[in-house]
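Each value in this text was obtained by applying a stated rule to the coordinates, not by laboratory testing. Because the structure is a prediction, the values reported are computed rather than measured. Virtual Cβ from ideal backbone geometry, glycine too; neighbours counted across all protein chains shown.
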Amino acid sequence: NARTNQSLTKELPLGVKDTTLNLKKMRLYKECGGLCVYTGDTFTKEKIFNGEINLEHIVPYSIIPNNSIKNLALCYVDENLKKGNKTPFEFYSSNISKWKEVKARAEQVFNSDKYLHFISESKPDFQDFANRQLNDTRHIMTEVKDYLFENICSNIMVTTGEVTSKIRTSWGLNEILG
């Protein structure tokens with residue numbers, strides 16, 4: 001990942017800082033090759049940073065709070081505004097020929113997993129998304145605990161989210177962290 005970020009940093013237009021967001025935009029630019037899958041129009045990487053191109057959530061963030069690369073694409077601002085709070089299928093399905101064109105472009109630039117996410121006709125379920133995130137977190141925490149136990153300290157105590165919540169409240173961290 002560090003090597004990828006170094007490579008992307010070198011490709012940023014002159015004067016653009018190497019923030020996490022800008023590197024994510026460059027990664028998406030490389031993924032699509034400067035092709036807006038929604039409109040079929042091409043763009044330069046400079047347009048990403050001058051406001052003509054948006055970082056677009058395939059499934060709107062208001063439906064599923066997912067900022068992963070799998071749920072992001074680059075899109076012309078006007079088209080993104082028209083799409084609004086809809087999935088690509090919801091937005092384009094009323095025009096079959098347009099939807100076929102958009103799907104063909106998406107298949108051309110996205111990996112198969114992202115393509116299937118893009119063309120999905122069913123609206124994602126927030127509870128399923130939240131459960132997957134919790135399971136991922138549980139798995140990661142188990143791996144961290146095992147690593148710490150084996151390599152750092154054998155006196156490791158794992159708590160539940162409820163305990164973490166009580167600590168955040170009693171220490172006043174909710175006001176700071178949100």
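With one equal scatterer per alpha carbon and no solvent term, the Debye-computed log10 I(q)/I(0) for the range 69-126 at 0.15, 0.18, 0.24 1/Å reads -0.42, -0.62, -1.16.
Extension gain for N155-N50 works out to 32.6 nm (0.36 nm per residue, less the C-alpha to C-alpha distance).
Take each of the peptides 73-85, 10-22, average the number of other beta-carbon atoms within 10 Å over its residues, and list them starting from the highest.
Details: 73-85: 16.5, 10-22: 11.5.
Result, highest mean first: 73-85, 10-22.
Length available on full extension from V77 to I63: 0.36 nm per residue minus the Cα-Cα distance, which gives 3.1 nm.
If I compute Rg/Rh (Cα atoms, Kirkwood Rh) from the structure I just sent, which labelled value in (1) 0.99; (2) 1.06; (3) 1.21 lines up? Evaluating Rg/Rh (Cα atoms, Kirkwood Rh) on these atoms matches (2). Hey, what angle do you get for helix 161-170 against the long axis of the chain, alpha-carbon based, 0 to 90 degrees rounded to 10? Once rounded, the angle reads 80 degrees. Springs between Cα atoms under 10 Å define the GNM used for the chain, and in it the highest mean-square fluctuation of I96, I48, I63 occurs at I96. In summary, the aspartates and glutamates within cross-link reach of K103, defined as a Cα separation below 17 angstrom excluding same-chain residues under 8 places away, comprise E31, D41, E56, E79, E90, D113, E121.
Here the simple spin-label model places points 7 Å from the Cα toward Cβ, and for T142 and E162 these points are separated by 2.1 nm. Below 17 Å, Cα to Cα, which aspartates and glutamates can K17 reach? Residues fewer than 8 away in the same chain don't count. Straight-distance partners of K17: E46.
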